[in-house]
Number of protein chains: 2
Amino acid sequence: MRRDTIEHGSAGRGASGTAPRRVLLEAQDRFISAWGQMGATWGISRTMAEIHALLFITGESLCTDDVMERLHISRGNASMSLRALCDWGIVTRAHRRGDRKEYFEAEQDAWSILQKVVRERIKREINPLLALLYEIRELTGVPGETERAREADTAVSAHNTRMDAMLQLLRVTDELGNKFTAASGEQVRRTADMLAGLEDA
Amino acid sequence: MRRDTIEHGSAGRGASGTAPRRVLLEAQDRFISAWGQMGATWGISRTMAEIHALLFITGESLCTDDVMERLHISRGNASMSLRALCDWGIVTRAHRRGDRKEYFEAEQDAWSILQKVVRERIKREINPLLALLYEIRELTGVPGETERAREADTAVSAHNTRMDAMLQLLRVTDELGNKFTAASGEQVRRTADMLAGLEDA
DNA sequence: CGTGATTTTCAGAATATTCTGAAAGCATCG
DNA sequence: CGATGCTTTCAGAATATTCTGAAAATCACG
């Protein structure tokens with residue numbers, strides 16, 4: 001994919017912003033790239049991650065055209081990606097009085113972003129997987145019952161052991177995720193500070 | 001992508017296996033599909049995840065041809081994917097005396113698989129991202145120093161606050177991941193059992 | 001309603017990823 | 001060595017994903 005770096009410089013005209021401003025724009029661009037890259041490796045479309053990065057790092061509410069211009073993407077792409085970000089709950093729609101346009105802003109609390117992403121991924125990916133695995137597990141005997149006939153079959157019983165181990169792992173992961181996403185901002189903040197402290201020790 | 005379900009049935013000939021065996025094969029196939037699907041949504045190629053699922057759920061050591069046949073994939077694909085799984089540390093090469101072929105087997109402990117995947121993803125994805133973000137953070141002032149000129153600039157200082165929040169989140173995540181991947185099997189098992197218990201409460 | 005501004009949708013184009021198969025590489029054995 | 005059996009590599013094909021742009025839908029307001 002083509003990814004051109006934007007020149008926020010003095011190229012051309014002299015009045016293109018003060019030095020701190022140029023540095024800020026450059027830092028934003030690099031943040032956007034880094035975030036986009038990360039999104040891509042975790043199964044989120046790069047553009048979606050970039051739009052999110054843009055809204056987060058500028059902290060402003062931007063309209064579709066702002067996003068299109070800054071990221072060089074089409075209207076359709078911007079529209080669809082923004083909607084998806086809203087569905088994930090990490091971007092919200094906003095309006096300005098006397099302006100028909102719709103503006104978007106990103107959740108500004110980093111931990112809250114993570115909570116929302118985790119919540120959504122559990123709901124969309126872990127839970128359906130768990131349901132499937134339970135279904136598959138039952139093909140080879142109900143876990144509770146001790147089925148004589150099947151317990152005798154070494155292959156089946158080994159299979160069941162493996163399935164049960166995987167199910168436990170997913171259940172625990174699911175539960176841990178639920179605990180985390182249910183935590184209040186205060187709880188998360190205190191825990192994070194504690195863990196951040198540990199790391200220096 | 002085309003994904004055909006394999007018929008492990010009595011179709012055609014009568015001697016195609018006992019009933020438990022057919023059920024086992026069906027359960028394996030469905031596990032493989034589910035696992036492949038999950039891999040795909042988490043940024044791992046579907047085939048790689050499927051091969052891993054196959055090796056895990058059968059518990060056997062299989063050679064390249066076994067994998068090719070069961071999953072209907074080409075030799076090249078099988079070879080590359082198996083190598084990648086070995087690089088991730090969740091599949092190991094094995095040999096049988098009097099046989100030149102190479103066999104592969106999957107780590108059988110589910111928690112250990114997760115530990116290895118987490119370790120690798122931290123190393124490959126979180127750490128480089130952290131490095132990038134530190135670099136970007138320094139464009140707008142060194143965190144420690146109180147730079148008068150820049151502190152005055154509201155936009156820059158808000159930017160720095162956001163960057164610092166994101167950096168803290170990633171540092172804590174990284175550290176948590178390291179703690180988890182460093183835990184012994186015994187520690188993990190005890191913790192998991194504890195958490196599994198909590199969930200029923 | 002009618003008009004103009006804005007947003008959404010979606011077929012087809014562009015791009016990126018994954019897969020194949022045949023050729024090249026590498027051991028091991030006779 | 002040279003043949004044999006197995007593995008790896010990689011260019012090009014197949015497939016999946018993402019993006020575009022223009023048409024259709026929606027909306028706000030007179």
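Averaged over the residues of A:53-61, the number of partner chain Cβ atoms lying within 10 Å of the residue Cβ comes to 2. According to the Kirkwood relation over distinct C-alpha pairs, the hydrodynamic radius of chain A is 20.7 Å.
Residue by residue along B:184-197, Cβ atoms of other protein chains within 10 Å of the local Cβ number 2 on average.
In the range B:19-106, the inverse of the mean reciprocal separation of distinct Cα atoms equals 13.2 Å; this is its Kirkwood hydrodynamic radius. Residue ranking by accessible heavy-atom surface, 1.4 Å probe, largest first, among A:R70, B:R190, B:R97 comes out as B:R97, B:R190, A:R70. Helix A:19-41 axis versus longest C-alpha principal axis of chain A: approximately 20°, rounded to the nearest ten. Each Lys and Arg adds +1 at its Cβ and each Asp and Glu adds -1 at its Cβ; summed about the Cα centre, the range B:19-106 shows a dipole of about 140 debye.
Can you tell me the orientation of helix A:46-58 relative to chain A, as the angle in degrees between its alpha-carbon axis and the longest Cα principal axis, to the nearest 10? Around 60 degrees separate the two axes. Cross-link pairs exceeding 18 Å in C-alpha to C-alpha distance, out of A:K116/B:K116; A:K116/A:K179; A:K116/B:K123; B:K123/B:K179, comprise A:K116/B:K116; A:K116/B:K123. Would you please classify the overall shape of the protein assembly as shown from the alpha carbon gyration tensor, given that a ≥ b ≥ c denote the square roots of the eigenvalues, rounded means a/c under 1.5, and beyond that prolate means a/b larger than b/c while oblate covers the rest? The shape class here is prolate.
Helix B:154-182 and the long axis of chain B differ in direction by around 40°, with both axes built from C-alpha atoms. The charge dipole of chain A, taken about its Cα centre with unit charges on the Cβ atoms of Lys, Arg (+1), Asp and Glu (-1) only, comes to about 700 debye. Quick check: pseudo-label points 7 Å beyond the Cα along Cα→Cβ at A:R124 and B:R21, how many nm apart are they? In this crude label model, A:R124 to B:R21 measures out at 4.3 nm.
Of the options A:H95, A:I51, A:S33, report the single residue whose Cα projects farthest towards the positive end of the charge dipole of the range A:19-106 (beta-carbon charges: Lys, Arg +1; Asp, Glu -1). So the residue we want is A:H95.
Counts of other chain beta carbons within 10 angstrom of each beta carbon in peptide B:133-145 average 3. Each of B:N127, B:A84, B:A155 was placed along the dipole of chain B (beta-carbon charges, centred on the mean Cα), and the one lying farthest toward the positive end is B:A84.
Using a Gaussian network model of chain A in which every pair of alpha carbons under 10 angstrom is joined by a spring, one finds that among A:A158, A:A183, A:A53 the greatest mean-square fluctuation is at A:A158. Placing unit charges on the Cβ atoms only, positive for Lys and Arg and negative for Asp and Glu, gives the protein assembly as shown a dipole magnitude near 860 debye about its Cα centre. Comparing B:L133, B:L71, B:L55 in a Gaussian network model of chain B, where Cα atoms under 10 Å apart are tied by springs, the biggest mean-square fluctuation is seen for B:L133.
In the range A:81-169, what GluC sites (Glu not before Pro) fall in a loop by DSSP, with at most 10 other Cβ atoms inside 10 Å? Of the GluC sites (Glu not before Pro), the ones in loops of the range A:81-169 whose Cβ has at most 10 other Cβ atoms within 10 Å are A:E145. Accessible surface for the range B:126-197, divided over its residues, is 54 Å² per residue with a 1.4 Å probe.
FRET efficiency for the pair A:R83 and B:T161, taken as 1/(1 + (r/R0)^6) with r the Cβ-Cβ distance and R0 = 25 Å, rounds to 0.30.
The values are calculated or read from the model by the stated rules, or taken from the named source; none is laboratory data. Predicted model, so just to flag it, every value in this text is computed and none were measured. Because the Cβ atoms are built from the backbone with ideal geometry, glycine has one as well, and the counts that use them run over all protein chains shown. These area figures cover heavy atoms from the full protein model, side chains too; ligands, DNA and RNA do not enter into them. Shrake-Rupley method; radii C 1.70, N 1.55, O 1.52, S 1.80 Å.
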